[in-house]
Amino acid sequence: MTEFTPSLPESDRSDPRAHFSRMRSMFDLVADRYDLMNDLMSGGTHRLWKAHFRKVAGPAPAGGQALDLAGGTGDIALALTRQGWSVVVCDPSERMMTVGRERLASVPVRWVAGAGEALPFPDASFDLVTVSFGLRNMTDRAAALSEVRRVLVPGGRFLCLEFSKAFWPMAPLYDFYSTHVIPRLGALVSGRPQAYSYLVESIRAFPDQQGLAGLMEAAGFTGVTWENLFFGIAALHAGQRPTAS
Ligand SMILES: C[S@@+](CC[C@H](N)C(=O)[O-])C[C@H]1O[C@@H](n2cnc3c(N)ncnc32)[C@H](O)[C@@H]1O
């Protein structure tokens with residue numbers, strides 16, 4: 001495994017290849033403890049958010065094909081298969097997908113190595129594309145959103161669950177928690193303090209609710225809406241590839 005050295009700030013994407021390879025190495029390194037850390041850091045809340053995500057995705061239409069981009073260890077893939085979707089996970093971290101494959105050994109999911117910025121799928125391949133806590137880590141978010149639009153069928157849906165801008169009364173508590181607790185917990189459980197300092201930094205640098213909606217619209221999505229979860233700690237954005245495109 002490659003060592004993850006966070007020598008550059010999160011926002012430094014001036015060398016896209018270096019940024020991409022830092023991200024991949026970081027997720028390879030935290031993969032084995034990733035699910036445990038998610039439960040500990042969120043007190044299980046991420047499970048509620050993902051259960052809600054599954055409801056919003058809804059049951060698959062006949063033959064419904066879904067792509068879970070940045071699918072990691074497969075939480076969303078599992079939720080979607082339970083709704084009848086046929087699911088492909090795409091992620092650049094082989095180690096995250098290995099953990100997922102082992103966890104979901106009896107679930108019919110296809111695992112494909114690839115990056116959001118250059119998806120290895122033909123145009124109009126999927127009825128639904130999902131990204132859960134993944135867009136923030138991508139090196140070129142505009143390129144990834146444009147790729148999502150390309151691989152959706154016209155009229156297909158995009159759902160994006162991501163950390164967002166918390167508001168009162170949660171904002172000060174969350175700020176304290178993310179500054180003082182997350183990096184320490186991350187260091188203790190995963191042994192990778194840098195990865196969890198990165199997490200906090202990347203959440204702060206990520207566009208807020210309105211900002212992400214703007215990025216989606218700029219990439220050509222229509223009907224963009226969002227729903228705040230837990231006072232804006234996370235937000236679930238939805239949009240559509242226009243039918244005539
Ligand atoms: C925080 S994890 C989210 C995993 C899963 N979706 C979940 O909700 O638990 C972020 C994932 O984004 C992936 N990732 C990082 N850079 C990416 C890129 N450029 N394209 C696609 N996925 C990327 C990582 O490998 C990692 O699996």
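Details
- Taking the conditions (1) under 16 Å from the mean Cα position of the chain (by Cα); (2) more than 9 Å from the ligand (Cβ to nearest atom); (3) open to solvent by less than 10 Å² (accessible area, probe 1.4 Å) in turn, Gly64 satisfies each one other than (1).
- Meets criteria (closer than 12 Å to Arg136 by Cβ, open to solvent by less than 70 Å² (accessible area, probe 1.4 Å) and in contact (Cβ under 8 Å) with a residue 24 or more places away in the chain) for Leu199: no
- Taking the criterion of being within 30 Å of Thr243 (Cβ to Cβ), among the hydroxyl-bearing types (Ser, Thr, Tyr) and out of contact with any Pro (no Cβ under 9 Å at 6 or more places or on another chain), the only residue of the stretch 139-188 that qualifies is Ser146.
A quick yes/no check of all residues on (1) within 12 Å of the ligand (Cβ to nearest atom); (2) under 17 Å from the mean Cα position of the chain (by Cα); (3) buried (at least 22 other Cβ atoms within 10 Å of the Cβ); (4) free of Cβ contacts under 8 Å to residues at least 12 places away in the same chain:
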position: Met96; (1), (2), (3), (4): yes, yes, yes, no
position: Gly100; (1), (2), (3), (4): yes, yes, yes, no
position: Arg103; (1), (2), (3), (4): yes, no, no, no
position: Ser106; (1), (2), (3), (4): no, no, no, yes
position: Trp111; (1), (2), (3), (4): yes, yes, no, no
position: Asp123; (1), (2), (3), (4): no, no, no, no
position: Asp127; (1), (2), (3), (4): no, no, no, no
position: Val131; (1), (2), (3), (4): yes, yes, yes, no
position: Asn137; (1), (2), (3), (4): yes, yes, yes, no
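- For the stretch 41-59, the criterion of being among the hydroxyl-bearing types (Ser, Thr, Tyr) and closer than 23 Å to Phe230 by Cα is met by at least one residue.
- For Pro207: the one exception among (1) closer than 19 Å to Arg141 by Cβ; (2) modelled with pLDDT under 90; (3) away from the ligand (no atom under 16 Å from the Cβ): (2)
- Residue check for Gly186: in contact with a helix residue (DSSP H, G or I) (Cβ under 9 Å, 6 or more places away or on another chain), surrounded by 15 or more Cβ atoms within 10 Å (Cβ to Cβ), small (Gly, Ala, Ser) and more than 19 Å from Phe27 (Cβ to Cβ): no
- Ser146 being within 15 Å of the ligand (Cβ to nearest atom), modelled with pLDDT under 90 and open to solvent by 20 Å² or more (accessible area, probe 1.4 Å): no
The rows are residues; the columns are (1) at pLDDT 90 or above; (2) open to solvent by 60 Å² or more (accessible area, probe 1.4 Å); (3) within 10 Å of the ligand (Cβ to nearest atom).
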site: Glu10; (1), (2), (3): no, no, no
site: Arg13; (1), (2), (3): no, no, no
site: Phe20; (1), (2), (3): yes, no, yes
site: Tyr34; (1), (2), (3): yes, no, yes
site: Ala51; (1), (2), (3): yes, no, no
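- Residue count for the stretch 72-85 under the criterion of being closer than 12 Å to Met97 by Cα and either more than 11 Å from the ligand (Cβ to nearest atom) or open to solvent by less than 10 Å² (accessible area, probe 1.4 Å) (or both): the result is 4.
The values are calculated or read from the model by the stated rules, or taken from the named source; none is laboratory data. This structure is a prediction, so every number in the text was calculated from the model and none was measured. Please note: Cβ atoms are built from the backbone with ideal geometry, for glycine as well, and neighbour counts cover all protein chains shown. When the accessible area is computed, the model is the full protein with side chains, heavy atoms only, and any ligands, DNA or RNA have been set aside. Shrake-Rupley method; radii C 1.70, N 1.55, O 1.52, S 1.80 Å.
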